Amino acid sequence: MSDSHILYAITHSLYSGRARSYLIKNQIPFRELSTGHESFKTEVLPKAKLPTIPTLITPQGEVIRDGAAIIEHFEANNGRPCRPPGPKQQIVSALFDAIGAEGLLRPAMHYRWNFPEDNLDFVRYHFLHSQRDTSQREEKTEYMMNRMRHAAMIFGVTEHTHDLVESLYLDYLQALNAHFTQYPYLLGWRPCVGDFGLIGPMYAHLGRDPYPARLMQQRATSVYRWVERMNRSDQDAPEFFNAGTEFLANDEVPESLLAVMRVCAEDFVPETLAAAKRINHWLAENSPAPGTTAVGRLAESPGNAEFSLRGQKISALAQPYRFFLLQRVQSLYAELNETHRSTVDAMLETCGMLPVLTVGLDRQIHREGNLEVWGD
Ligand SMILES: N[C@@H](CCC(=O)N[C@@H](CS)C(=O)NCC(=O)O)C(=O)O
């Protein structure tokens, strides 16, 4: 038995960045291995069920697949160090977790794949080195890269939407930058679960691939600093001369963060509403048996959601995983008393996010044996 965790992950992977950052920030010792290691196939996959990263092996040999589940494992066992105490802050943290995991896939994919002159060699290095050095290495690398290029289109990045994806991302970046000039983390002086969700797309793709990283350095220095900070174990906030150590007092959600949520709501809300409609229609037609896989390669696709953004149509894969994360927002809300619910309602109303409290699927999604499955 080793005393260190093993994180199967890779530097350029979006979802790996979330779990890695959590382990770093919470000073949990780990060793990172890529899925190219033989052990992944022979020892991990049978228990992980799907070949996705991040997947964690605990010192006791437990296998936990999925970044949100990895974080929940530590949060549940360690007194929830990354859940802020106030109801508004808890909802905002859980919401940013969902936005990070599902709401920024278009800019993440666009800025990785549509600037090959700047990015391709860099990106290719990473895809190549996640494969073992066998005779099929080159072929497998091309296959994986093409698969992800295709994913960009599936998420709604087409030549017709490039400008739209960029204009929304730049507005978001500007708002987020204004926030991080005031505070080092989303909710003050320490990271919450929402920071970890958000670092997923903001690290490997938007904060590290050459083209978007330069864009971030040039236009949003404070966001760039947050990306660096999220990968350091200390607070890393020397530019804040008044730095505290906790989440903001009195359940404050600063106006600068509401401004970020307002921009995120522009596509997160219509996309979520359209995806719910699409998936509910699919559920009604297909009635998957309870326990059937709802997410990932083993799951059936419910199809695409169509919605309007800034006057343009977007068609994007309707993903049940988004609702798995929103269920958490909604169950936190369900536990609140009337007064707290009203303050949360008022806050979400001001930034166009109110529908996230009620939009949902007709069937719940649970985790069972490392898979997200349909409930009753
Ligand atoms: N819900 C999972 C998603 C993980 C995921 O899709 N990871 C990507 C890499 S960023 C992956 O492993 N893709 C390989 C595949 O889907 O086969 C999580 O949050 O950990």
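Pick from segment 163-187 the residues that are without any contact (Cβ under 8 Å) to a residue 60 or more places away in the chain and buried (at least 20 other Cβ atoms within 10 Å of the Cβ): which of them is farthest from Ile71 (Cα to Cα)?
So the residue we want is Val165.
State which residue is farthest from Arg80 (Cα to Cα) when the search covers only segment 7-26 and only residues that are out of contact with any strand residue (DSSP E or B) (no Cβ under 9 Å at 6 or more places or on another chain), more than 8 Å from the ligand (Cβ to nearest atom) and not basic (Lys, Arg).
Ranking the candidates gives His12 first.
Yes or no: Asp97 surrounded by fewer than 19 Cβ atoms within 10 Å (Cβ to Cβ) and touching a helix residue (DSSP H, G or I) at 6+ places or on another chain (Cβ under 6 Å)?
It is false that Asp97 is surrounded by fewer than 19 Cβ atoms within 10 Å (Cβ to Cβ) and touching a helix residue (DSSP H, G or I) at 6+ places or on another chain (Cβ under 6 Å).
Filter segment 53-83 for residues that are among the basic types (Lys, Arg) and more than 8 Å from the ligand (Cβ to nearest atom) and give the result.
Passing the criteria: Arg80, Arg83.
Pairs needed: first member in segment 287-304, within 12 Å of Pro320 (Cβ to Cβ); second member anywhere, part of a loop (DSSP other than H, G, I, E, B) and modelled with pLDDT of 95 or more; C-beta distance under 7 Å; at least 6 residues apart or different chains.
Gly296/Leu50; Gly296/Thr52; Pro302/Ala318; Gly303/Ala318
Which pairs have Cβ atoms under 6 Å, sit 6 or more apart or on different chains, and link a residue in segment 188-209 that is at negative phi to one that is within 15 Å of the ligand (Cβ to nearest atom) and assigned to a loop (DSSP other than H, G, I, E, B)?
What qualifies is Pro201/Leu104; Ala204/His12; Ala204/Ser13.
Assess whether Asn242 counts as being in a loop (DSSP other than H, G, I, E, B) and modelled with pLDDT under 95.
In short, yes.
Before we move on, is Asn250 at pLDDT 95 or above, out of contact with any Cys (no Cβ under 6 Å at 6 or more places or on another chain) and loosely packed, with under 14 Cβ neighbours inside 10 Å?
Criteria met by Asn250.
The values are calculated or read from the model by the stated rules, or taken from the named source; none is laboratory data. On a predicted model such as this, the values are computed, not experimentally measured, just so you know. So basically every Cβ, Gly included, is an ideal-geometry build from the backbone, and we count neighbours across all protein chains shown.
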